[in-house]
Every structure is written in structure tokens, then in C-alpha cells.
Amino acid sequence: MEQSASFFSFLLDNLTQFLSFTGFSNFTVGHGIMIVVGLLFIYLAIAKEFEPMLLVPIGFGIIVGNIPFTPGYQIGVYESGSVLNYLYFGVLKGIYPPLIFLGIGAMTDFSALISNPKLMLIGAAAQLGIFGAYMLALLLGFSPQEAGAIGIIGGADGPTAIFLSSKLAPELMGAIAISAYSYMALVPVIQPPVMKLLTTQKERLIRMKPPRQVSKLEKIMFPIIGMLLTTFIVPSGLPLLGMLFFGNLIKESTVTKRLADT
């Protein structure tokens with residue numbers, strides 16, 4: 001009888017210890033809120049097709065990052081020695097953003113910009129958002145480095161936001177990455193009411209003239225000249241801009257199609 005009680009006590013202790021290691025035991029309201037946010041992003045990507053290439057990985061990443069666990073078992077992103085921590089090294093050291101830019105370059109057709117260079121003014125105007133966000137962040141009490149990392153979100157460029165925050169404010173990188181990619185992915189929701197507010201029905205019915213045909217030589221020269229001009233002006237942009245234009249060159253050269261497809 002005594003052995004039986006001892007056995008059940010041992011079994012109960014083991015069961016209690018097991019339950020203390022489960023996600024249910026370590027669950028908090030914060031975990032629940034973020035998991036719901038991740039599920040919402042996945043829903044918008046699949047059901048509404050809002051930037052699925054952004055929202056599917058971001059949404060699933062949010063869920064993975066908010067699975068509750070007992071610290072000290074090399075599971076979490078911030079636990080030294082964990083698999084996720086090794087993967088996070090690529091974020092901290094700015095390895096992933098240049099690789100993303102390589103892919104963006106290989107998928108981008110700059111024909112519209114080459115045929116109508118005035119479109120660069122639209123891109124330049126978009127950068128005003130950087131300075132607005134920077135000044136607002138300073139007013140809210142962030143340091144100049146943190147404000148700079150936050151401000152770059154206004155440039156509408158996720159990889160650049162991650163890259164810059166890894167240099168200026170690594171502690172804000174997660175929040176900045178989520179903010180940058182989330183609002184870009186939600187542009188299809190944000191843009192229509194703004195367009196209706198700032199334009200008339202007649203203006204929205206205007207049909208744009210088709211752009212002129214761009215030659216193969218122009219498409220090949222654009223990434224070469226673009227890289228030289230931009231990196232000579234801002235050499236610190238070489239990791240990102242160099243990869244962006246390199247990706248575009250392997251696409252437009254047409255002699256490295258398998259590499260561009262990869």
C-alpha cells in the first residue's frame with residue numbers, strides 16, 4: 001500500500017512538472033493577443049490576398065515567436081544557443097536584408113521608371129515620411145539613433161528598416177520590422193479612401209498613356225549606372241543597393257535566367 005502511494009506521488013510530481021513546461025502553463029494575455037494578430041495577418045493574406053508574400057511569413061512568424069515556454073531550455077529567439085537564435089543572427093548582423101534586396105531586384109521591372117524618369121520625383125516625395133516620423137519620434141522621447149531607425153519606416157521599405165535598425169537600435173528591431181511590413185501590406189486597405197479623398201471621379205477615370213518601349217540596352221545599363229550613382233553618393237548603402245541592382249542585372253541580362261529565377 002505504501003509503495004502504491006509512493007508510486008502515485010511520483011507519477012503526480014512528474015505530471016505536474018510536465019504540465020509546468022507546457023505552453024498552457026506559461027501562457028499570458030500578451031501571448032494570446034499576438035497569436036490573434038498573427039492569425040489575422042494570415043487571414044488577410046490568404047482570404048483577401050493583401051500582400052501574401054509579406055503577411056503569410058510575418059503572421060506565421062508572429063505565432064512562432066509567441067509560443068509560451070519555460071525559459072532556459074534554448075528554445076526562444078533570444079536564448080543563446082537556440083536554433084532560432086542562430087537564425088536571428090542574420091537579422092542582427094544585417095545578412096537577410098541584402099538577400100531580400102537581391103530577390104527584389106531579380107523580380108522588379110524598371111521599364112516604367114526608365115521610360116518616364118519623372119516618376120523618381122514620386123519616390124523622392126515619399127521620403128518626406130522619413131523626416132516626419134523622425135521628428136515625431138524625437139518629440140515622443142526616443143533617442144536620435146532610435147528616432148532614425150523609426151523614421152526609416154517612412155521610406156516604405158521593410159528591408160532597409162530592418163538593416164538600419166540593426167545598426168542604430170537593435171532593441172527596437174522586432175517592433176520596427178512588424179510596423180514597417182504591416183503598414184506596407186495594408187496599403188490596399190489604406191490607399192483607396194485616401195485616393196477618393198484627394199481626387200475626383202473624373203480624375204480617377206483618366207487613362208494613362210502607355211509607356212514607351214524600353215530597349216534591352218537601357219534595361220542592362222540602368223542597374224549598372226544606378227548602382228554607381230547611388231553608392232558613390234551614399235557608400236553606406238552598398239550592401240542593400242548593390243544587391244538590389246545586381247539582382248536586377250541578372251534578370252535583365254537574360255543570360256543568367258536560371259540564377260534570376262532562383
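Quick note: the coordinates plus some simple rules give every number you see, no bench work behind them. Note that the coordinates shown come from a computational prediction; the quantities given were computed from them, not determined experimentally. Glycine gets a Cβ as well: all are built from the backbone with ideal geometry, and neighbour counts include every protein chain shown.
Quick notes on this structure:
- Among 112-119, 161-168, the order from most to least packed when residues are scored by Cβ within 10 Å on average: 161-168, 112-119
- Fewest-first ranking of PHE246, PHE21, using other Cβ atoms within 10 Å as the exposure measure: PHE21, PHE246
- Percent of Cα pairs exceeding the 31 Å cut-off, where the set is the chain: 42
- Candidate lysines for bridging to LYS93, where Cα separation is under 22 Å - those fewer than 8 sequence places away on the same chain excluded: LYS167
- With neighbours defined as other Cβ atoms within 10 Å of a residue's Cβ, the residues MET208, MET120, MET243 order from fewest to most as MET208, MET120, MET243.
- Paramagnetic label zone (point 7 Å from Cα along Cα-to-C-beta, VAL187; backbone N under 12 Å) in the stretch 132-156: 155-156
- Extension gain, ALA126-TYR43: 0.36 nm per intervening residue step, less the Cα-Cα distance, totals 27.0 nm.
- Once C-alpha pairs closer than 8 Å and six or more residues apart are averaged by separation and normalised to the residue number of the stretch 122-208, the relative contact order reads 22 percent.
- 222 nm mean residue ellipticity, helices alone, for the chain (DSSP H n ≥ 4; -39,500 (n - 2.57); rounded to 500): -21500 deg cm²/dmol
- Annotation: aspartates and glutamates with alpha-carbon distance below 19 angstrom to LYS216 (same-chain offsets under eight excluded): ASP109, GLU252, ASP261.
- Axial C-alpha extent at least 24 Å, average Kyte-Doolittle at least 0.0 - helices from the chain (DSSP): 2-21, 29-47, 216-233
- Contour minus Cα-Cα distance for LYS118 and LEU229 (0.36 nm per residue): 38.3 nm
- Our note on the geometry: Cα centres of the stretch 139-179 and the stretch 236-252, 22 Å apart.
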